[in-house]
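What follows draws every value from the coordinates through simple rules; no lab data is involved. Quick caveat: nothing in here was measured; it's all calculated off a predicted structure. Glycine also receives a Cβ, built like all others from the backbone with ideal geometry; neighbour counts cover every protein chain displayed.
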Amino acid sequence: MRYFIGNWKMFGVPNSIGILNKINNFVRKDKNNKKYQAIFTPPFTLLESFSKYFTKKAIKIGAQNCYHKDIFSSNTGAISSYMIKNVGAKYVIIGHSDNRFEGDTNQILKSKVAYSLKNNLKVIFCIGENKKEKRKNLTSNILKNQISKVIERKFNQNNLILAYEPIWSIGTGKVPSEKELIRTIKLIKKTLKKIFGTKKIPKVLYGGSVDSKSIKVFKKINELDGFLIGGASKSSKNFIDIIKNYYR
Ligand code: PEP
């Protein structure tokens, strides 16, 4: 099973559901639709209505983040994984670099992942190095650290998905070379195998400037289990073209 996950970030109002409806109709009729799952993470304001609308449809809905405490708390503006699950969403992104910039430490992220799994959400956990770390050849160390400080053997690997998102690639049009990406994905999978002590490990996705053009290169990389897509997920045509070009 491959994953195509659209992260809408701060985009969308109620009538943006039309974009997802077009994508849902495409997926529903696509002859390859057994091979992949399309998921979208709209902002919190749309989570309940979109989750309910797409409950029995081809695409699934998730949240972009959650608070690191369980159920309810006195933190203004916070949304817990319990609240996300209770409006019908199935997935949650945790550790996106946007949130790491805003102060999410490994300890906070571990708590977010643990509570989300406890509340039966599937977690899309993001990792990635920045430009400076890449330049200093620190990518492997950074990724191993980001994984091992958060992911524990006791976590259910079936409900975890990892997304490798090099920060220097997000929204820039710059992407890693094929060789670089294969090496990095292998390293991530090796690190996960060590943690879980089994061959069965979470799926590993790539995110960062994925569009209908760059997907033609990424599709050659068999180690990749799917993609986290930002900018190109806000247009039904762009998102559908990514899937079409992947299976062409
Ligand atoms: C993202 O922010 O998760 C992302 C992958 O963005 P983009 O596809 O626009 O680079």
First obtain the Kirkwood hydrodynamic radius of the chain from its Cα pairs, then insert it into the Stokes-Einstein equation at 37 °C and 0.692 mPa s, and state the resulting D in µm² per second as a whole number. 181 µm²/s
Listing Tyr115, Tyr164 by rising number of other beta-carbon atoms within 10 angstrom, fewest first, gives Tyr115, Tyr164
Rg/Rh over Cα atoms for the range 84-223, Kirkwood Rh, comes to 0.95
To the nearest 0.05, the calculated FRET efficiency linking Ser74 and Lys220 through their beta-carbon distance, R0 being 41 Å, is 0.25
If you wrap a convex hull around the C-alpha atoms of the range 7-122 and split its volume per residue, what is the figure in Å³? 110 Å³
Please report the spacing between the Cα centers of the range 1-46 and the range 149-216 in Å, no decimals. 21 Å
Helical contribution to [θ] at 222 nm, DSSP H n ≥ 4, -39,500 (n - 2.57), averaged over the chain, rounded to 500: -11500 deg cm²/dmol
Of Ile93, Gly18, Ser73, which is farthest towards the positive pole of the range 1-112's charge dipole, taken about the Cα centre with +1 and -1 on the beta-carbons of Lys, Arg and Asp, Glu respectively? Gly18
Protection proxy ranking, peptides 188-197, 27-36, 57-66, 220-229, average beta carbon neighbours within 10 Å, highest first: 57-66, 220-229, 188-197, 27-36
So which of Lys9/Lys194; Lys136/Lys200; Lys174/Lys199; Lys134/Lys237; Lys34/Lys122 end up more than 22 Å apart by C-alpha? Lys9/Lys194; Lys136/Lys200; Lys174/Lys199; Lys134/Lys237
Suppose each label sits 7 Å from its Cα in the direction of the beta carbon; what would the Lys132-Met1 distance come out to in nanometres? 4.0 nm
What order do you get for 145-152, 177-184 when each peptide is scored by the mean count of other beta carbon atoms within 10 Å, highest first? 145-152, 177-184
